[in-house]
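Here the structure is laid out as C-alpha cells; the discussion comes afterwards.
The values are calculated or read from the model by the stated rules, or taken from the named source; none is laboratory data. Bear in mind that the values here come from a model prediction, so they are computed numbers and not experimental data. No Cβ is skipped: glycine too gets one built from the backbone with ideal geometry, and neighbour counts run over all protein chains shown. For the accessible areas, the whole protein counts, side chains as well, though only heavy atoms, and no ligand, DNA or RNA atoms are used. Shrake-Rupley method; radii C 1.70, N 1.55, O 1.52, S 1.80 Å.
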Amino acid sequence: MRINLPEKVNILISQLETCGYEAFAVGGCIRDSIMGRIPNDWDLCTSASPDEMKQCFADYPVIETGLQHGTLTVLLDGESFEITTYRIDGEYSDGRHPDEVSFTRSLKEDLARRDFTVNAMAYNDAIGLVDPFGGQSDLKARILRCVGDPEKRFTEDSLRILRCIRFASQLDYMIENSTSTAMYSCLHLIDRVAVERIRIELEKLLCGPAAVNVLRRHRDIIAHIIPEIHPMFDLDQKNAYHVYDIWEHTLHVVENIPADPLLRLMALFHDIGKPPTMTVVPNDKPDYPEWGHFYGHEAAGAEITKSVLRRLKFDNYSRDTICSVIDAHKIVFQPTERHARRLLNKLGEDQLRMLIQLELADVKSQNPVYTDERIGNINAFES
C-alpha cells in the first residue's frame with residue numbers, strides 16, 4: 001500500500017537515511033492515512049540515537065523535547081515534528097510511565113511496546129507499510145486490539161483503558177474480546193490516572209460518533225470514574241412520559257444533542273439528580289399502578305454535577321455553565337416575548353440557547369406519544 005507522506009516528512013526521513021539510519025512515519029498518522037483521514041500531526045521514529053539525531057539535524061532548529069525518552073522536535077519551515085529513537089520500555093512502577101527506556105535498532109521492538117495494533121504501524125516510501133501485529137486487518141475489521149498481552153498493556157499504563165473506549169467512540173470500532181476482558185480485570189488501576197487526563201478522555205469520548213454505543217456497552221468503566229451515575233442504571237422511571245430507564249434515556253439525550261463538549265456533558269448529567277429525588281405514589285391508571293415523581297431533581301442534579309466536575313478539575317466557566325443549565329432544565333417554555341426576556345435576563349443568551357438544545361434533546365428522548373406538542377412549543381420559543 002502507498003501512503004502520501006507530506007513533503008516535509010519525506011525531507012526529514014531522507015535526511016536520516018542519508019546519515020545512514022532508518023526512519024518511518026509511525027502511529028496515529030499512519031492509522032488515519034489508511035482510513036482516508038487527514039492526520040493532525042506526523043510523528044516519526046528512527047534507528048538513530050538522540051545524539052546521532054542531533055548530529056544529523058545539526059543544520060536544523062532542534063528542541064530537546066524528551067531527551068531521556070529519545071524524543072527530539074525538529075523545526076522545518078516553522079512546522080514542528082517529533083522524532084523518537086526506537087525504544088524498549090522498562091517497568092511501569094507507577095502504572096503510567098516507564099521507569100526507564102532503552103534504545104534499540106529494531107523497529108519491530110519499538111512497535112511492540114505500543115498500545116493497540118492500529119497504532120503500531122510504520123511507513124516510509126522505500127519500504128512501504130510495516131505492520132507486524134495486524135493493524136491494517138484490524139482497521140478493515142473495525143476492531144481495537146492490544147499489541148501482545150492486553151493485561152500487560154493495561155497494567156503498564158492504565159490510561160490505555162480510557163484511550164481504548166475513547167478510540168472506540170471516535171472510530172466506531174468494537175473492542176476485541178480479550179482486550180475487553182483485560183480492561184475490566186484492570187479497571188481498578190484507573191485510580192492511578194491523573195484526573196486531568198480522565199477529563200480529557202471523557203470529553204473526547206462524549207463527542208465521538210459512537211459515544212452512545214460505548215456508554216451503553218462500557219457503562220461500568222464510566223461508573224468507575226463517575227460513581228454518581230451508577231444509581232441511574234436500570235432505574236425504571238415509572239411514568240407514561242418515559243419509555244426508557246434513566247440511563248437509557250440519558251443515552252438518547254446524548255445522541256440527540258450536538259457533539260459539543262459542554263452540551264454532551266449537560267446531556268450526560270442532566271438527570272443525575274433523579275435517583276436520590278425519586279418518589280413513587282399509587283396511581284389509578286391500570287398501566288401504571290405506581291407513578292414516579294422527581295421533584296427538585298434539577299437542583300439536586302446541578303449540585304451532584306458540580307461535585308463531579310470539581311473533582312475532575314473542569315474549569316470554572318465549564319462547571320458554572322453546565323450546572324446552571326442543568327439547574328434550569330425541565331422548564332416549560334412559553335413562546336412569548338415576555339418569557340424570552342425573563343429567561344434571557346436570568347441565563348444570558350449563550351446559556352439560554354444551550355438550555356433550548358438540552359430541552360429539545362430531552363423531549364425527543366421521551367415517550368413519542370407526548371412529544372410533538374412539546375417540541376413545537378420549544379421551537380416556537382426559540383424563534
*Looking at this structure, is Asp157 of a type outside the set (A, V, I, L, M, F, W, C), closer than 30 Å to Pro261 by Cα, touching a residue at least 12 places away in the same chain (Cβ under 8 Å) and surrounded by 20 or more Cβ atoms within 10 Å (Cβ to Cβ)?*
yes
*Could you identify the single residue in Gly95, Gly27, Gly70 that is at pLDDT 95 or above, on the phi > 0 side of the Ramachandran plot and buried (at least 16 other Cβ atoms within 10 Å of the Cβ)?*
Gly27
*When residues of segment 180-206 are filtered for being closer than 13 Å to Ala168 by Cβ and open to solvent by 10 Å² or more (accessible area, probe 1.4 Å), how many remain?*
2
*asked:* Checking the structure you have, find out if any residue of segment 22-30 is over 32 Å from the mean Cα position of the chain (by Cα) and either in contact (Cβ under 8 Å) with a residue 40 or more places away in the chain or part of a loop (DSSP other than H, G, I, E, B) (or both).
replied: yes
*Considering each residue of segment 21-49, count those that are β-branched (Val, Ile, Thr) and more than 16 Å from Met1 (Cβ to Cβ), and give that number.*
2
*Which of the following residues is more than 27 Å from Glu373 (Cα to Cα), of a type in the set (A, V, I, L, M, F, W, C) and either in a helix (DSSP H, G or I) or open to solvent by less than 10 Å² (accessible area, probe 1.4 Å) (or both): Val254, Val214?*
Val214
*Within segment 40-75, restricting attention to residues that are in a strand (DSSP E or B) and acidic (Asp, Glu), which residue is nearest to the chain's Cα centre (by Cα)?*
Asp43
_Looking at segment 105-119 only, could you name the residues that are more than 20 Å from the chain's Cα centre (by Cα) and open to solvent by less than 20 Å² (accessible area, probe 1.4 Å)?_
Leu107, Asp110, Leu111
*Applying the selection to segment 331-349, what residues are open to solvent by 30 Å² or more (accessible area, probe 1.4 Å) and over 36 Å from the mean Cα position of the chain (by Cα)?*
Gln334, Pro335, Thr336, Glu337, Arg338, Arg341, Arg342
*Filter segment 267-304 down to the residues that are hydrophobic (A, V, I, L, M, F, W, C), buried (at least 21 other Cβ atoms within 10 Å of the Cβ) and free of Cβ contacts under 8 Å to residues at least 60 places away in the same chain, then identify the one that is nearest to Pro231 (Cα to Cα).*
Ile272
*Hey, does segment 279-293 have a residue that's among the acidic types (Asp, Glu) and in contact with a strand residue (DSSP E or B) (Cβ under 8 Å, 6 or more places away or on another chain)?*
yes
*Go through segment 225-247 residue by residue and tally those that are surrounded by 18 or more Cβ atoms within 10 Å (Cβ to Cβ) and free of Cβ contacts under 8 Å to residues at least 40 places away in the same chain.*
2
*If you take the residues of segment 203-259 that are of a type in the set (Lys, Arg) and within 19 Å of the chain's Cα centre (by Cα), which of them is farthest from Tyr184 (Cα to Cα)?*
Lys204
_Looking at Leu76, Leu144, can you tell me which residue is open to solvent by less than 40 Å² (accessible area, probe 1.4 Å) and under 27 Å from Asp191 (Cβ atoms)?_
Leu144
_Which numbered condition in (1) over 13 Å from Phe81 (Cα atoms); (2) crowded, with 19+ Cβ neighbours inside 10 Å is the only one that Ile13 fails?_
(1)
*Filter segment 98-117 down to residues that are of a type in the set (S, T, N, Q) and in contact with a helix residue (DSSP H, G or I) (Cβ under 7 Å, 6 or more places away or on another chain) and give me whichever is modelled with the highest pLDDT.*
Thr117
_Check on Lys204, touching a residue at least 24 places away in the same chain (Cβ under 8 Å) and in contact with a His (Cβ under 9 Å, 6 or more places away or on another chain)_ = no
